[in-house]
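The values are calculated or read from the model by the stated rules, or taken from the named source; none is laboratory data. Please read all numbers here as calculations on a predicted model, not as lab measurements. Ideal geometry is used to build each Cβ from the backbone, glycine not excepted, and the neighbour counts take in all protein chains shown. These area figures cover heavy atoms from the full protein model, side chains too; ligands, DNA and RNA do not enter into them. Shrake-Rupley method; radii C 1.70, N 1.55, O 1.52, S 1.80 Å.
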Amino acid sequence: MPQIPAPKTYRVKSFGCQMNVYDGDRMAELLAEQGLSAAAEGDEADLVVLNTCHIREKAAEKVYSDIGRLRREDGTSPLIAVAGCVAQAEGEEIMARAPSVRMVVGPQAYHRLPAMLAEAAAGQRVTDTDMPAETKFAALPPRGQGDRRVGPTAFLTVQEGCDKFCTYCVVPYTRGAEVSRPFADLIDEAHRLVDAGAREITLLGQNVNAWAGEDGKGRAIGLDGLIRELAALPALARIRYTTSHPNDMAEGLIAAHGEIAKLMPFLHLPVQAGSDRVLKAMNRSHTVASYLAILDRVRAARPDIALSGDFIVGFPGETEAEFAETLALVDAVGYAQCFSFKYSPRPGTPAATMAGQIAPEVMDERLQRLQAALNRDQLAFNRASLGRTCEVLVERKGKHPGQWLGKSPWLQSVHFAGEAAIGEMVRVELAEAGPNSLHARLVENVALA
Ligand code: SAH
Ligand code: SF4
Ligand code: F3S
């Protein structure tokens, strides 16, 4: 391919988990530092980065239709880079199947995008799916710079990768081994986010509660220690973290839920299934009983905590009776919200070749029953909050004039009307509950540090 003019505008489209959203933001900041500007809404960008997800087959296949959609009428395309977990898992296949893709870059290599861009502009097709020992974080520009503004809520990746190897999951292969970012770097990044306007920070990791480090005095600390330090930042009003693994739910972290006011009363703790046999086949290394015992301790520390989880239906060999155990677990917990998925066989994972793969119709039917139960509980949780007065951090304008949207401490979407602004904290009374959001009455604006 001949030389191409250097791109002036970019667009980053992120799919999948919040960690990809974080990576997408960091790529955007990196491109902005290179002098590119974000393409205006509705305009075609010179460079499009598709930041992809490989977790289920549907998510992974989406990249090819997205690439197709970028093609212009004359058959040409903007400069396309495929990033994220599909890039890591299927880099070569993407290059072979999609000639319009000029760059493939993995989740641990995207700090090298500028160099790749130069090679692509010179007419080459470049792939970088290395997992270098020196992390990308050290090479990325500091947060909150360039033409990217930080909103009232921000993500901060504190831990990456996974060593758990659940038998259905691609993440250990696409993201690599579990690594905790150093304490000092995280405190620095949190300061920058807060200085740039963040009032709520969500700490991210595939197993975020496995984060481990040393504080400023060289003492070994876990995620609760990090949260405690962050809670001391006066302008930071709220702290959340996701996603946690039941086996890393340390007592200190559970206790933190009862002790740190800025730590929001919400816990996303995926269980995946309600049968011990299935959990064992999944290599989850927790049982239903050990999972429920953790929830009991969390509820003892913070009685109003909202619980959330992930479920997979139709794991190979799952019987109707075992699926019924999942429904029983849901009934026992009373989740505030959950994600649930049909099992999707992923190439290279042990479960993909297990005996007893479940027919799609059976999975559909089980997913419907599970989601009916989860929706029922979500509505019940929202209804149970009616009459409560709580704080809402205003994140954006609503659809109607004068309407604002934000989140309750329990991560419910709340809308209300009145005098407010994005980034403000308001006190509201929860007045009407739907399955996915609540309507509230504005009580007062709360002063933030
Ligand atoms: N680290 C987290 C979640 C990682 S992926 C954890 O341990 O729970 C997010 C969710 O996607 C998982 O919790 C699981 O419910 C779902 N998932 C992962 N692999 C899947 C697969 N092959 N098929 C269907 N769902 C899957
Ligand atoms: Fe995947 Fe299991 Fe690791 Fe979660 S803990 S990322 S489900 S392998
Ligand atoms: Fe998807 Fe990778 Fe996240 S596979 S869920 S984008 S870690």
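Summary table
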| quantity | calculated |
| --- | --- |
| Cα gyration tensor shape of region 9-128, rounded if a/c is under 1.5, else prolate or oblate by comparing a/b with b/c | rounded |
| Prolate/oblate/rounded call for region 142-264, Cα gyration tensor, a/c under 1.5 rounded | oblate |
| Probe 1.4 Å, accessible area per residue of the chain, Å² | 43 Å² |
| Cβ crowding within 10 Å averaged over residues, with 346-352, 324-330 ranked highest first | 324-330, 346-352 |
| Within the accessible area of the chain (1.4 Å probe), percent carbon and sulfur | 52 percent |
| Mean Cα-pair separation over length for the chain, i.e. relative contact order, pairs under 8 Å, 6 or more apart, % | 10 percent |
| Spatial separation of Cα centroids for region 324-395 and region 193-221, in angstrom | 28 Å |
